[in-house]
Amino acid sequence: MQIYPTREDFAGPFYNMSKTYFGMEKLIILLLWLQYVVKISKNFHYKPMNKQTTEVFIEWDEFPKGGNPEFYFLKYQLVNDFAQENVKSILTDSQRHQKLITVEENEDYHIILQSMRYGQILSEKLFQTHGISASNIKTIATSTSVSFNWSMPFSKDISVSISFNNSSQVMQNNVMVFEWGNLKPASLYAFTFEFKQLHLDFINIFQRLDVQVETGSCSQGWAALKNNCYRISKERKPWNIAQQHCELSLSSAHLVDIKNKEEKNFIFSYLRSNK
């Protein structure tokens, strides 16, 4: 008895091969589609619009010492966004190198500084910084003084200097409060803050912020002369009682101590007008 192969016997292997081929084709299409979706998602990566930015100044000496690097790579990126890396190339045209970068306010950044020679990394330094905002500085103004109070959300090793009219004050050891006195009433002042990170292995990182403050007018019943406000009381009191009363009437007030002719003429004129 002869057994002849059926049609299914001939078609079976080819059918299985065809089925496998179409299965692979679907898998390839799926992988391509996923790759496309990933690419689209990267292009549409969420980035807040209208973010305020600030500038960070970075300065360093040649490293490693005697390594004669040809150039440096400066890489920086948001701590919470490793997909977005910024890279700057700096030629070694002097022993002291510097670069200004723009970062977002109130954001933390990873920074890598690499010295390069013949395409090889000679040495690298890693550190973090934070985009400081004017919102980190609180001000309270009186008629003749301004008090500053600032917060450091990322590091305690910070030196803060405040400058105004070629004068400056430097605060260290985590001091975060300062009062600038002897100002004119009802005047606009521009102060410059410089925040410098310490202990970064011969690398200077600092940021500058300009803060404008307007002093208040003299309180009602007080008159202004240059950097002071004056008020006359017609009550007779012993000296020590008068001093206490003066201090209670307004913060930082004290009994007048005439220092020059201009102040003397002003007070005499003020006395005559208040008779």
- prompt: Using the Karplus equation 6.51 cos²θ - 1.76 cosθ + 1.60 (θ = phi - 60°), what ³J(HN,Hα) coupling, rounded to whole Hz, does each residue of segment 184-191 give in order, writing x for Gly and Pro?
  reply: 7, x, 6, 10, 9, 10, 10, 9
message: For S133, what residues show an amide H to amide H distance below 5 Å, using hydrogens built from the backbone and excluding near sequence neighbours?
response: N106
message: Across segment 156-275, what fraction of all alpha-carbon pairs, as a whole percent, falls in each successive 5 Å bin from zero upward?
response: 2, 8, 15, 16, 14, 11, 10, 8, 7, 4, 3, 1, 1, 0
field: Above-threshold pairs, the threshold being 23 Å between Cα atoms, out of K138/K184; K51/K88; K65/K99; K184/K237; K75/K99
entry: K184/K237
field: Burial ordering of Y76, Y118, fewest other beta-carbon atoms within 10 Å first
entry: Y118, Y76
For S217, distant residues with modelled amide H under 5 Å away: A186
- prompt: Considering only DSSP states other than H, G, I, E and B, which trypsin sites (Lys or Arg not before Pro) in segment 148-226 qualify as loop sites with at most 13 other Cβ atoms within 10 Å?
  reply: K156, K226
query: So what are the three principal axis dimensions of segment 223-274 from its Cα atoms, in whole Å, longest to shortest?
result: 27, 22, 17
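List the chymotrypsin sites (Phe, Trp or Tyr not before Pro) within segment 151-204 that fall in a DSSP loop (any state other than H, G, I, E or B) and whose Cβ has at most 13 other Cβ atoms within 10 Å.
Working: sites: F154, F164, F178, W180, Y189, F191, F193, F195, F202; in loops: F154, F202.
Counting only loop positions with at most 13 other Cβ atoms within 10 Å, the chymotrypsin sites (Phe, Trp or Tyr not before Pro) in segment 151-204 are F202.
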- line: Per segment 53-131, sqrt(5λ) over the Cα gyration tensor eigenvalues, sorted largest first, in Å, gives 24, 13, 10
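FYI, it's all coordinate maths here, none of it is from the lab. Please read all numbers here as calculations on a predicted model, not as lab measurements. Glycine gets a Cβ as well: all are built from the backbone with ideal geometry, and neighbour counts include every protein chain shown.
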